[in-house]
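Just so you know, all these numbers are worked out from the coordinates, no wet-lab data involved. Quick caveat: nothing in here was measured; it's all calculated off a predicted structure. Glycine also receives a Cβ, built like all others from the backbone with ideal geometry; neighbour counts cover every protein chain displayed.
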Amino acid sequence: MKLHEYQAKSLLARYGVPMLPGLPATNAADAVEAAKTLGGEMWVVKAQIHAGGRGKGRFKEDVSAEEIAKASRGEDAAGKGGVRLARSLDDVAAHTTAMLGKTLVTKQTGVEGKQVNTIYVAAACDIAKEFYLAITLDRSNNRIVFMVSAEGGMDIEDVAHHRPEAIVRVHIDSAVGVGAWQGRAMAAHLGIKDAKQQANAVKFFQAIYKAYMELDCAMLEINPLVLTADGSLYALDAKMDIDGNAEYRHPDIQAMRDLSEEDATEIEASEIGISFIKLDGEIGCLVNGAGLAMATMDIIQFSGGSPANFLDVGGGANQKQVEAAFRIITKDPNVKGILVNIFGGIMKCDVIAQGVIGAVKEVGLTVPLVVRLAGTNADLGKKILAESGLNVIPASNLGEAALKIVAAVKGA
């Protein structure tokens, strides 16, 4: 579950992470009131979408298709992005009006972009240096890892691509937490040498780590982490992803879910207990079990095709869920064929077969369908499909199934 910047910052504030004050708004009048409440003479107006690179982004409605393509690649393009400096209340109103309701395209959104429904008005500051900081799980050794770089800001992706050595990784022992020596080492790498500033940096890193652990984050990114002219450290931006498996422990965070930022089919799937993620391929997948679903996607790719989705109906799916899964898959106009790969354990293959038949009759399937059944009641399931009169291509194993669906999609 992804959070907007203003939501992430509201959570980080609980842990004493230093941040400049800010307020969200959904119209120009509220944005101006937010600026008045914050005080000062300059503010930053930020578009709130679930994607990074907003500063270099461009609004679809304001620029040409060529410039939108450049924005989707993270290249410079004419026009104003989704992060703007306001030097007056009139600027706050103008920037807010220019962003709300429009589609912001960044390198992370792709050319389709995301609509801006909320803006965040934040106090401005005098930035001396910008740094990068992120914390996530390093699956290669099952430890939490800090990633820090002295070259934070909008170009961090280029830094990661061209000079990965500029990003230092520090692994944390979860039984100990962030040691002061580790905090000082990260501060030194960022070029922070003043003793007082190093002490503040250590506190910052420890607060971030505590927030990451207690909020069950999958990823927490501060970009940029800034050092101001007076020597203060602030999280100028915050990107937070919550582990979906732990959402039930945080009802207050669940309430922050922004459905307008999510794919409609993914929302529909979650409501009926199906794990679904849309991808860019042309072969729809219906599988039971996350591991088997991943293996199915891999072998489709290995066989020369491309998966259109990850879809796990779970170990105990019923006929209605199978029918719903088919409806969801066939809503994607890019799907040119479907592969059903079921290993019957708790789920019985004859139930899957009945669901497949019901779904095909309901949606009027017109693309090739390959079905591989194994496990509990597999022979009965195969018999039901064979006697259905439907154009179902059977497969005895996963390798054969992948080759058949790829061949069918390519017209072989």
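Kirkwood-type hydrodynamic radius, the range 323-391: 12.2 Å, calculated from all non-identical alpha-carbon pairs. Take every Cα pair under 8 Å whose residues are at least 6 apart in sequence, average their separation, divide by the length of the chain, and the relative contact order is 12 percent.
Residue-wise HN-Hα couplings along the range 334-346, as the Karplus relation 6.51 cos²θ - 1.76 cosθ + 1.60 with θ = phi - 60° gives them from phi, are 7, 6, 10, x, 10, 10, 9, 10, 10, 10, x, x, 5 Hz; Gly and Pro carry x. For the pair the range 28-57 / the range 368-408, the C-alpha centres are spaced 55 Å from each other.
With neighbours defined as other Cβ atoms within 10 Å of a residue's Cβ, the residues His189, His171, His95 order from fewest to most as His171, His189, His95. Taking a quarter of the surface of the Cα convex hull of the range 192-307 gives a mean projected area of 11.1 nm². The alpha-carbon positions of the chain define a convex hull whose volume is 165 Å³ per residue.
On a 18 Å Cα-Cα criterion, which of the cross-link pairs Lys107/Lys239; Lys9/Lys36; Lys70/Lys129; Lys331/Lys383; Lys361/Lys404 come out too long? Present the calculation step by step, with values, prior to reporting the outcome.
On the way: Lys107/Lys239 15 Å; Lys9/Lys36 20 Å; Lys70/Lys129 27 Å; Lys331/Lys383 28 Å; Lys361/Lys404 22 Å.
Table pairs above 18 Å Cα-Cα are Lys9/Lys36; Lys70/Lys129; Lys331/Lys383; Lys361/Lys404.
Classify the range 263-409 as rounded, prolate or oblate from the Cα gyration tensor: take a ≥ b ≥ c as the square roots of its eigenvalues, call it rounded if a/c is under 1.5, otherwise prolate when a/b beats b/c and oblate if not. Rounded.
Using only alpha carbons, build the gyration tensor for the range 21-123 and give me the equivalent ellipsoid semi-axes, biggest first, whole Å. Before the final figure, lay out each step's value.
Numbers: eigenvalues 120, 27, 24 Å².
Three semi-axes, in Å: 25, 12, 11.
Listed from fewest to most Cβ neighbours within 10 Å, the set Ser174, Ser306, Ser149 follows the order Ser174, Ser306, Ser149. With neighbours defined as other Cβ atoms within 10 Å of a residue's Cβ, the residues Ile393, Ile222 order from fewest to most as Ile393, Ile222.
A straight Cα-to-Cα reach below 13 Å connects Lys46 with the aspartates and glutamates Glu5, Asp91, Asp237, residues fewer than 8 places away in its own chain not being considered.
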